[in-house]
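Report on the following structure.
The values are calculated or read from the model by the stated rules, or taken from the named source; none is laboratory data. Just so it is clear, the model here is predicted, and its values are computed rather than measured. Here the Cβ positions follow ideal geometry from the backbone for every residue, glycine too, while neighbour counts run over all protein chains shown.
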Amino acid sequence: MLDKREYASIRGDIDALSRGKIEVMKQSREVVKASKELIYSIHRGDMKAAKGFLAKINGERAKLDKIASTGRLRAYNPYSNGVQEYVEAVAFYNVMTKERIPTRSELKVESETYLGGLSDLTGELMRKGVDDMIHERYQHAVKLKDTVNEIYGLILSLDLDGGDTRKKSDAVKWNLHKLEDLIYDAKIRDKI
């Protein structure tokens, strides 16, 4: 009863999707690796290396997008995870070099992925803010706290339905409170 050509076509589609998922997973790991390299170089204060890693992560992201050219593969979790890491790293680089966060359209990402990356960004801003406080760069730490506060305000203003971004909002809140506590302590000690 089943048309043999239809059966072969279905098998081909399923096999191609499986191969695509494997490739997306592999390439997503490359994006994540480049993201970590970029972020770590910024924390070390090595902006020359960071610029090189920025070029690398952009290349890895382009490869990921090419592999995941179909909607079915872009809906696959490893794709989204890789792109969120990309958003986090590139946004961190831009905050540190240009004092601005790139837009969704500049990063070529969907809203949910963008918000996930911004949520993760607050952890890096908190780490950098702690380092700034340790090294008495108080005003820069205040700027980073204000940026985390802006991101938190954006997330709070949205009607999130319990997805990943909603879950990450608790971490954003914790990062904000950590920075607020450090800055409050510095103010009490007349450092700011």
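Which of the residues spanning region 109-149 are surrounded by fewer than 19 Cβ atoms within 10 Å (Cβ to Cβ) and within 16 Å of the chain's Cα centre (by Cα)?
GLU110, SER111, GLU112, ARG127, listed by residue number.
Does GLY52 satisfy the condition of being under 30 Å from ILE134 (Cα atoms) and in a helix (DSSP H, G or I)?
Values: under 30 Å from ILE134 (Cα atoms): yes; in a helix (DSSP H, G or I): yes.
Yes; evaluated as a whole, the condition is true for this residue.
Take the residues in region 4-32 that are more than 30 Å from the chain's Cα centre (by Cα) and of a type in the set (A, V, I, L, M); name whichever of them is modelled with the highest pLDDT. Show your work before the answer.
Restricting attention to region 4-32, the residues satisfying the condition of being more than 30 Å from the chain's Cα centre (by Cα) are 4-15.
Now narrow it down to the ones that are of a type in the set (A, V, I, L, M): 8, 10, 14.
Numbers: ALA8: 85, ILE10: 85, ILE14: 89.
Restricting to residues being more than 30 Å from the chain's Cα centre (by Cα) and of a type in the set (A, V, I, L, M), the top hit is ILE14.
Filtering region 92-129 down to residues that are free of Cβ contacts under 8 Å to residues at least 24 places away in the same chain and in a helix (DSSP H, G or I), which residue is nearest to ARG166 (Cα to Cα)?
Filtering first and then ranking leaves SER111.
Testing LYS191 on (1) in contact (Cβ under 8 Å) with a residue 24 or more places away in the chain; (2) in a helix (DSSP H, G or I), one condition comes back false. Which one is that?
The failed condition is (2).
So if I check each of ALA91, ALA75, which one is among the small types (Gly, Ala, Ser) and in the same structural domain as ALA16 (by TED's automatic domain parsing)?
Details: ALA91 fails: in the same structural domain as ALA16 (by TED's automatic domain parsing).
Going through ALA91, ALA75 in turn, just one is among the small types (Gly, Ala, Ser) and in the same structural domain as ALA16 (by TED's automatic domain parsing): ALA75.
Could you figure out which of (1) under 21 Å from MET126 (Cα atoms); (2) of a type outside the set (A, V, I, L, M); (3) assigned to a helix (DSSP H, G or I) isn't true of GLY82?
GLY82 satisfies every listed condition except (1).
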